[in-house]
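Notes to accompany the following structure.
What follows is calculated from the coordinates using simple rules that are stated; it is not laboratory data. If you're wondering where the values come from, they're calculated on a predicted model, not measured in any experiment. Cβ atoms come from the backbone with ideal geometry, glycine included; neighbour counts cover every protein chain shown.
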Amino acid sequence: MSLVIDIHTHMLNNEWLKLLEKHGRPRYTLKAVTGGLRAIHLDGAPFMTPVPEMFDWDLRIRNMDRVGIDVSVVSLTCPNVYWGSEAVSLKAAQVMNDEMAKARRSFPDRIQWFCSLPWQYEKAALAELKRSLKAGACGVMVLANIGGRALTDPAFAKIWQAIDAARLPVLIHPTAPPGVKEMEMAHFQLVASVGFTTDTTLAVARMIYDGFFDRFQKLKIIASHGGGTLPYLIGRLDQCYEQIPACRTRTREKPSLHARRIYADAVVFTDDALAMAVRVFGSGNVLYGSDYPHTIGDPIGCLARVDRLPDGARERVRGRNSERIFDFR
């Protein structure tokens, strides 16, 4: 059996949380939500709930053993470090990157990590990328929008060039999509159920239509949560490409062909959704993930669904695909 490698799983620390609470206002606040925990709110809408498991590395290792996960590729979650001044954003990135590098040293056979970067400050982001790779990061984590700006914004081109040159995996993780207030997503915490997958879908669809995968061919984009709604919508994207000239201005390949160059995690919650992701992206491009320890994370269920895949696909998704695309040192 292959190793089980979890490429979508998160950790925090108290220093990062204190920085957010101090410098994230007025847009980011921490307030109690139904159930007793404090959630991070964006423009009044709750969208990420820190839980105790996000702060305890020994507990993480015990839970990995309990569930049967061999290696976790940990990352910061939303809202990452895209708030505050350049100094604050860089400090927040360094705090978490140092935390994860330390964990990697403490558990060298169990922990790998994606670095976070202050993308909105190009020079600082490039310097932190270099520092993080030297410290052992195996890839980069980026949110699906950076303060409301698309990942294809020219302001981020040099950062993408550096990531591409290093041939790195990049986990695109959603955050609250722009407009949560106008869409009244505070009701029923709709950011978690609908907003996140929408954010990922918008980000990667823009990349496809913008020719991103023509410009950057060495990096490896991993779209969170099974690629958002892309597996379900890929035929519609193709139809728009064929019928709407505006969709063909930046790329010569239809979206379904681009999709075969995109990776997706297996953080979906039905067998049908996982099977659709495997069909659209290919069994060589889907990677096990758990979303542990988020409140809706499901390490046992996600792995059980992977284990119900056909034999060849099962081993690839459990870990062999990750072993192929990551440079674990």
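General observations
- Quotient of Cα Rg and 2.2 N^0.38 Å for the chain, N being how many residues it contains: 0.93
- Cα gyration tensor shape for the stretch 1-137, rounded if a/c is under 1.5, else prolate or oblate: oblate
- Look at where the Cα atoms of the stretch 238-253 and of the stretch 170-184 average out, and the two centres are 25 Å apart.
- In this Cβ point-charge picture (+1 for Lys and Arg, -1 for Asp and Glu), the chain has a dipole of about 760 debye about its Cα centre.
- For the chain, the mean residue ellipticity at 222 nm estimated from helices alone is -12000 deg cm²/dmol, where every DSSP H run of n ≥ 4 contributes -39500 (n - 2.57) and the total is divided by all residues, rounded to the nearest 500.
- Projecting the Cα positions of Phe156, Ala266, Val71 onto the charge dipole of the chain (unit charges on Cβ atoms of Lys, Arg, Asp and Glu, taken about the Cα centre) puts Phe156 furthest along the positive direction.
- Against the empirical 2.2 N^0.38 Å (N residues), the stretch 234-329 has a Cα radius of gyration ratio of 1.25.
- Considering the stretch 182-253, its Cα convex hull presents a mean projected area of 5.9 nm².
- Spin-label pair Arg261-Arg167: with each label point 7 Å from Cα along the Cα-Cβ axis, the two points sit 1.6 nm from one another.
- The peptide list 269-278, 33-42, put in order of mean Cβ contacts within 10 Å with the highest first, becomes 269-278, 33-42.
- Between the stretch 30-45 and the stretch 62-132, the C-alpha centres lie 23 angstrom from each other.
- Gyration tensor (alpha-carbon) shape descriptor, the stretch 4-56, a/c threshold 1.5: prolate
- Stokes-Einstein diffusion for the stretch 118-264, with the hydrodynamic radius set to the Kirkwood value over Cα pairs and evaluated at 37 °C in a medium of 0.692 mPa s, equals 205 µm²/s.
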